[in-house]
Amino acid sequence: MSLKVIILGGGVAGLSAAHELIKRGFKVEVYELKNIPGGKARSTSIPSANSQNKKPLPGEHGFRFFPRFYKHITATMKEIPFGKNKTVYDNLVQTTEIRIARFGKESLLLPARFPGSLKEIKRFIELNKNIDLGLTTEEQEYFGERIWQLMTSSYERRKHEYERMGWWEFVEASRFSENYKTLLAKGLTRTLVAAHAETVSTKTGGDIMLQLLFDIAKPGMSSDRILNGPTNDVWINPWLDHLTSKGLKYHYNSKVVEILTEKPDRVSGVVIEQDGIKKTVHGDYYIGALPVEVMVTLLNEGMLEIDPTLEYMKSLALNVSWMNGVQFYLTENIGINHGHTVYVDTPWALTSICQAQFWKDFDWSQYGDGKIKTILSIDVSDWFCPGIIYGKNASDCTPDEIIKECWEQVKKSLNVTGQVILKDEYLHHWNIDDSIENVVPKVNKEPLLVNNKNTWSLRPYSYTDISNFFLAADYVKTNTDLATMEGANEAARRAVNDILFVSKYKGSYCRIWNLHEPWYLSILRYKDRRRYAKGLPWNGKLPMGIGTLTKILRKIASLF
């Protein structure tokens, strides 16, 4: 008889765990709080006036971004059928550019992939030749040195030394100009992981920055990929259909009320509430695939008595921030750039992408009232900084004020030097992620975990001392080390491997990848590992024999 696994939470982590278990013959039931699958990765349906029986407009919870260094989630996507002889992985499309937009100044346009031709190189040089970033030579060289230090530091130093150091401290932002702080110290952290440069771990921020740089420096695929349609249409729903066809039972509107334990060290059942009625569900194994701020509310005396280390999760759950989506539905298909735009001067740390250019098979005439030509999809990553119009934090604004602020901050970044990309008459409809409750001050029902310095030790492993209870969510200790779809999928794979081990499964385990770094830096990382083992600080001096190559690589690093 097949063993049964109960999974609490039906987002990317829960679906990933179900995916791996079902293909190995386990019976699986997933319990999801919402009436739509996908968790933080979901897209939603937004009704609009005068729709004339057309489909609701698509909305997004937040950032959709599949960097080249993602291995776990994309491996799963390659196993999900889509249409005829395709998989949902085929729905990923590559961007080519990253636009760095600034208030009242010309934008900087960067490649999102290694240039494919001399013509492409010349194009980027020509576009940026008159751009003044306002950075001194000293600032550029110093930041390049810090990137070089990250590239050549041993993994041991990163894990133990840089984990305890904030990014702001590592790049010494306080002693440099506002341009340095905005472009280099804050830009990465606020827009990528909704973190504050002063507190985010240098290990996490540095590792992810290196992965993105290595992605761009390697010929081939773009470092930035997105989906070619609404997330649930081209990924989540086909995934769920595939799993249910294999036997998955997926329960909506199911709130986890209590996790029951029995001596000496087991979960005996989980109390679920559906439509006001409580019931207890039972399985051989249980996986908690809930966000950390939800999971800690379920930790009870019985669980903590069996595994006291779970108590650390309560401190970890305090390290969350807000990163939520806003969509502008436009009547004109504007051209900003072929990829993401980062608005580095915006107080609310905005990023955006224009969808129509990537949604080639999407029939816009069938949605809303038929007038929409594209969606400018925006992420707001700082909800606690005063805006430029009302002088209020986003968290203290009404929905209309949030929209007005975002619109004006984007216009101030794009409509510069005589260009008018955004016009008020283009804005036909808008949407704010439904996780943001319409109260003042705002409540965010789905915040994002931020890897602040010195929090790695608070994060749990996928296994616990509760013999049949495991954790699969983006806060679990993983190689990815970032609250992302990739981290959630890796955590799910680890939890499944734990179940395979304790159940004495005889087949293959889930594959786990490490972050990849170029082989030619391994000698320098080895050199630093020996220094770290002796208690010595990092030293960027070049070892004999590889000086020429290293000087070239160091020069390349300074360009970033």
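The values are calculated or read from the model by the stated rules, or taken from the named source; none is laboratory data. Just so it is clear, the structure is predicted and the values come from calculations on it, not from any experiment. Note: ideal-geometry Cβ built from the backbone for every residue, glycine included; neighbour counts use all protein chains shown.
Are any of the residues in region 539-552 surrounded by 17 or more Cβ atoms within 10 Å (Cβ to Cβ) and either modelled with pLDDT under 95 or among the aromatic types (Phe, Trp, Tyr) (or both)? Within region 539-552, one or more residues are surrounded by 17 or more Cβ atoms within 10 Å (Cβ to Cβ) and either modelled with pLDDT under 95 or among the aromatic types (Phe, Trp, Tyr) (or both). If the condition is being within 30 Å of VAL5 (Cβ to Cβ) and of a type in the set (Val, Ile, Thr), then region 502-531 contributes VAL502, ILE512. Scanning region 112-143 for residues that are among the small types (Gly, Ala, Ser) and under 25 Å from the mean Cα position of the chain (by Cα) turns up just one, ALA112.
Taking the criterion of being under 12 Å from the mean Cα position of the chain (by Cα) and modelled with pLDDT under 85, the residues of region 191-208 that qualify are THR191, LEU192, VAL193, ALA194, ALA195. Within region 436-447, being surrounded by 17 or more Cβ atoms within 10 Å (Cβ to Cβ) and assigned to a loop (DSSP other than H, G, I, E, B) holds for LYS442, GLU446, PRO447. The single residue among TYR162, TYR180 that is over 20 Å from the mean Cα position of the chain (by Cα) and at pLDDT 95 or above turns out to be TYR162. Screening VAL171 against (1) touching a strand residue (DSSP E or B) at 6+ places or on another chain (Cβ under 6 Å); (2) at pLDDT 90 or above; (3) β-branched (Val, Ile, Thr) leaves a single unmet condition, (1).
All told, TYR509 falls short of being in the same structural domain as LYS159 (by TED's automatic domain parsing), modelled with pLDDT of 95 or more and surrounded by 12 or more Cβ atoms within 10 Å (Cβ to Cβ). The number of residues in region 361-398 being part of a loop (DSSP other than H, G, I, E, B) and more than 24 Å from the chain's Cα centre (by Cα) comes to 18. Of all residues in region 367-381, none are surrounded by fewer than 20 Cβ atoms within 10 Å (Cβ to Cβ) and aromatic (Phe, Trp, Tyr). So, of the residues in region 416-465 that are basic (Lys, Arg) and out of contact with any helix residue (DSSP H, G or I) (no Cβ under 7 Å at 6 or more places or on another chain), which turns out to be nearest to ARG266 (Cα to Cα)? Going through the qualifying residues, I end up with LYS445. Of all residues in region 242-260, those that are over 16 Å from THR297 (Cβ atoms) and either modelled with pLDDT under 95 or over 26 Å from the mean Cα position of the chain (by Cα) (or both) total 6. Among the residues of region 224-231, none qualifies, meaning not one is in a helix (DSSP H, G or I), aliphatic (A, V, I, L, M) and modelled with pLDDT of 90 or more. Would you list the strands (runs of 3 or more DSSP E) that sit entirely within region 1-120 and hold 1 or more residues that are within 22 Å of LEU240 (Cα to Cα) and modelled with pLDDT under 95? It comes to 43-46, 57-60. For region 529-537, the criterion of being surrounded by fewer than 15 Cβ atoms within 10 Å (Cβ to Cβ) and modelled with pLDDT under 95 is satisfied by no residue at all. Take PHE124 and tell me if it is within 27 Å of LEU350 (Cβ to Cβ), in contact with an Asp or Glu (Cβ under 8 Å, 6 or more places away or on another chain), surrounded by fewer than 19 Cβ atoms within 10 Å (Cβ to Cβ) and of a type in the set (Phe, Trp, Tyr). In short, no. Going residue by residue through region 467-476, is there one that turns out to be surrounded by 16 or more Cβ atoms within 10 Å (Cβ to Cβ), part of a helix (DSSP H, G or I) and out of contact with any helix residue (DSSP H, G or I) (no Cβ under 6 Å at 6 or more places or on another chain)? Scanning region 467-476, I find no residue that is surrounded by 16 or more Cβ atoms within 10 Å (Cβ to Cβ), part of a helix (DSSP H, G or I) and out of contact with any helix residue (DSSP H, G or I) (no Cβ under 6 Å at 6 or more places or on another chain), so the answer is no. A single entry from PHE358, PHE362, PHE384 fulfils the requirement of being more than 22 Å from THR231 (Cβ to Cβ) and of a type outside the set (A, V, I, L, M): PHE384. For region 479-494, residues that are touching a residue at least 40 places away in the same chain (Cβ under 8 Å), part of a helix (DSSP H, G or I) and among the small types (Gly, Ala, Ser) total 3. For beta carbons closer than 9 Å, sequence separation of 6+ or different chains, a first residue in region 401-428 that is in the same structural domain as TRP383 (by TED's automatic domain parsing) and surrounded by 21 or more Cβ atoms within 10 Å (Cβ to Cβ) and a second that is among the acidic types (Asp, Glu) and in a loop (DSSP other than H, G, I, E, B), the qualifying pairs are GLN409/ASP345; SER413/ASP345.
Within region 392-407, is even one residue touching a Pro at 6+ places or on another chain (Cβ under 6 Å), among the acidic types (Asp, Glu) and on the phi < 0 side of the Ramachandran plot? Within region 392-407, one or more residues are touching a Pro at 6+ places or on another chain (Cβ under 6 Å), among the acidic types (Asp, Glu) and on the phi < 0 side of the Ramachandran plot. Out of all the residues in region 160-171, is one or more outside any helix (DSSP H, G or I) and either surrounded by fewer than 22 Cβ atoms within 10 Å (Cβ to Cβ) or not assigned by TED's automatic domain parsing to the domain that holds ALA533 (or both)? Checked against the condition, which is being outside any helix (DSSP H, G or I) and either surrounded by fewer than 22 Cβ atoms within 10 Å (Cβ to Cβ) or not assigned by TED's automatic domain parsing to the domain that holds ALA533 (or both), region 160-171 yields at least one hit.
Residue count for region 349-360 satisfying the condition of being under 30 Å from TRP456 (Cβ atoms) and in a strand (DSSP E or B): 2.
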